[in-house]
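A short write-up of the structure that comes next.
The values are calculated or read from the model by the stated rules, or taken from the named source; none is laboratory data. Here the structure is a predicted model, which means the values were calculated and not measured. Backbone-built Cβ (ideal geometry, glycine too); neighbour counts: all protein chains shown.
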Amino acid sequence: MLQLQSRILNHSSIGGFISPCGWHNVIECLDFGVPIIAMPIHLDQPVNAKLMVELGVAVEIVRDDDRKIHREEIAETLKGVITWGNMRAKVRDVSKNLKSIGNEEIDGANSTL
């Protein structure tokens, strides 16, 4: 299943990913440079969603006063993420930076061995 999800997220036609923002999904989206449409439910998800929104790589779907999500909000949020080129560029920059940092750390670890 994870291989299939990775292939899907890596596909050029994917404009965003609706996610409850579990840490694994967040990391995958950042790795593949895919904007997140956040729909957190519980545990660490609201915190992860907030961090990704603050980083500029996610938009959280607005809930009503009863914490319910309406289809109009989902549609509006999806449309916004898909048409906002700046969010896609931002998440790709973050992805590139994370990969660069990871490669530097691996190179540093290899030199100490």
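Evaluated against (1) of a type outside the set (A, V, I, L, M); (2) in a helix (DSSP H, G or I); (3) touching a helix residue (DSSP H, G or I) at 6+ places or on another chain (Cβ under 8 Å); (4) exposed (fewer than 14 other Cβ atoms within 10 Å of the Cβ), R63 falls short on exactly one condition, (2).
Determine if the range 64-72 includes at least one residue that is under 16 Å from the mean Cα position of the chain (by Cα), at pLDDT 90 or above and charged (D, E, K, R). Give the derivation first.
Of the residues in the range 64-72, the ones under 16 Å from the mean Cα position of the chain (by Cα) are none.
Within the range 64-72, none of the residues are under 16 Å from the mean Cα position of the chain (by Cα), at pLDDT 90 or above and charged (D, E, K, R).
Of everything in the range 1-31 that's surrounded by 19 or more Cβ atoms within 10 Å (Cβ to Cβ) and either in contact (Cβ under 8 Å) with a residue 40 or more places away in the chain or of a type in the set (D, E, K, R) (or both), which residue is nearest to N86 (Cα to Cα)?
Step one: list which residues in the range 1-31 are surrounded by 19 or more Cβ atoms within 10 Å (Cβ to Cβ), which gives 16-17, 19, 21, 25-26, 28-30.
Going one step further and asking which of them are either in contact (Cβ under 8 Å) with a residue 40 or more places away in the chain or of a type in the set (D, E, K, R) (or both), we end up with 16, 28-30.
Working: G16: 13, E28: 19, C29: 16, L30: 15 Å.
It comes out as G16.
In the range 62-91, the residues that are on the phi < 0 side of the Ramachandran plot and among the polar types (S, T, N, Q) form Cβ pairs under 7 Å with partners that are surrounded by 10 or more Cβ atoms within 10 Å (Cβ to Cβ) and part of a loop (DSSP other than H, G, I, E, B), at six or more places apart or across chains, as follows: T77/I61. Of all residues in the range 29-49, exactly one satisfies the criterion of being in contact with an Asp or Glu (Cβ under 8 Å, 6 or more places away or on another chain) and in a helix (DSSP H, G or I), namely A49.
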